1. Subtracting the Cα-Cα distance from 0.36 nm times the residue separation, let me have the gained length for ILE215 to ARG110 in nm, one decimal.
2. So how far apart, in nm, are the two label points at ILE205 and GLU77 if each is 7 Å from Cα heading toward Cβ?
3. Return the FRET efficiency for the residue pair ALA141, THR84: r is the Cβ-Cβ distance, R0 is 30 Å, and the value is rounded to the nearest 0.05.
4. Excluding ARG109 itself, what net charge comes from residues whose Cβ is under 14 Å from its Cβ, given Lys and Arg +1 and Asp and Glu -1?
5. What pairs in LYS59/LYS122; LYS61/LYS103; LYS62/LYS130; LYS60/LYS130 have C-alpha atoms more than 24 Å from each other?
6. Can you order the peptides 204-215, 100-111 by their average number of other Cβ atoms within 10 Å per residue, highest first?
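Values quoted throughout were computed directly from the atomic coordinates according to the rules given, and no laboratory measurement underlies them. Remember, predicted model here, so these are calculated numbers, not experimental data. Here the Cβ is made from the backbone with ideal geometry for all residues, glycine too, and neighbour counts use every protein chain on show.
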Amino acid sequence: MEVIEAIVIADADGKDPAAPSSVDSDKTKAEFIWTLQATWHLVSTRLEMDQAFDQPVCKKKKLWEVVAEKVNAKLRESGVTGITVKAYECDLKWRNMLATYRKNTDRARRLGVASVHWEFFKAMHDVLGKSREEIEAQRQAKLSGTRVGKAIASKRFTPILPTPPATAAACISRPPQDILQLYMELQERKLNMWAQQKALEERKIEAINNLAQAISSLAQTNSPQTSKDGH
């Protein structure tokens, strides 16, 4: 049984949470130990506040402080005392949880959900696995009953058609007579090339004939001289 987990070593500001700081020296005094119970409290609290974290304008640091307060309250109710979790620790732990969730999501796509055995996957996937269409449908449903939603629904929008390209007139096909004229010109060029090639071949043949006649004449001229020398 394989469980994929990942670790992200960075806090909300991109710094090492284990490094000592003069501003917040209590971070190094006692690091919080994430038990299974504490992790479940974090997951449930963070998922309940997911819409608040998804707002385009929100102070994440303040939200993580609220998460830490709620997790500590749940731990006290469970009888865990003596140590409290801090906002930056919740943020870092959630980053690790998200990294593990994404890896298991990829595994579920490739091998099926049955191949994922991580205990937090289903709870996180029920909230984080929603498609954009589902989120948009929920937003529209919430907005439909409000004054803003009714105002948007009453609007009538005129569709903006795309402007035809400026070169459309240049793409008009040529009339048939132009195509015929072009065809005739091409045929005439082919005939001219053929005539030139024929004339060149005739010149070659004429040169060969002249050379043959010259050789024959030279042979006839030398033949009498050879016979005289023989007598």
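1. Numbers: separation 105, 0.36 × 105 = 37.80 nm, distance 8.78 nm.
Once the chain is fully extended between ILE215 and ARG110, it gains 29.0 nm.
2. Those two pseudo-labels are separated by 11.2 nm.
3. On the way: r = 39 Å, r/R0 = 1.30.
For R0 = 30 Å, the calculated efficiency reads 0.15.
4. Details: positive: ARG102, LYS103, ARG107, ARG110; negative: ASP106.
Residues near ARG109 contribute +3 overall.
5. Details: LYS59/LYS122 28 Å; LYS61/LYS103 26 Å; LYS62/LYS130 26 Å; LYS60/LYS130 22 Å.
Checking Cα-Cα distances, LYS59/LYS122; LYS61/LYS103; LYS62/LYS130 exceed 24 Å.
6. On the way: 204-215: 9.9, 100-111: 15.8.
Packing order, densest peptide first, comes out as 100-111, 204-215.
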